[in-house]
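Readers should treat all values here as calculations from the given coordinates under stated rules, not as data from a laboratory. The model shown is predicted, which means the values in this text are computed figures rather than measured ones. Counting neighbours? That spans all protein chains shown, and the Cβs are built from the backbone with ideal geometry, glycine included.
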Amino acid sequence: MKVSIQTYIAITTFLLFFITILAVLNYSFSWIFYLTVIGQVFLLIMVYKVLTDNYKTKKTFEDFYEDNPISQNKNELNYRK
């Protein structure tokens, strides 16, 4: 079973936020240190998985943003072109 990229991102983000919370609550340095090392390993794994993911899209820069597309109507003012 293939683990999705979002899973790696969620685990890494949760772990690093958890480390921040532990540091604010003055937990033992050894716990924070070891979790930070584990978090750095997870961060490297996450970056590797994101960069080597076999993701393909048909979108181009001409599509711009999906939520605010560039109008093809020539009568409208569009400062992006």
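For the pair VAL41 and THR20 in one chain, pulling the backbone fully straight at 0.36 nm per residue adds 5.9 nm over the alpha carbon distance.
Normalised by the number of residues in segment 5-63, the mean separation of alpha-carbon contacts (under 8 Å, six or more apart) gives a relative contact order of 48 percent. Here the label points at SER30 and THR57, each 7 Å from Cα along the C-beta direction, are separated by 4.6 nm in the simple model.
Rg/Rh for segment 5-63 (Cα atoms only, Rh after Kirkwood) is 1.20.
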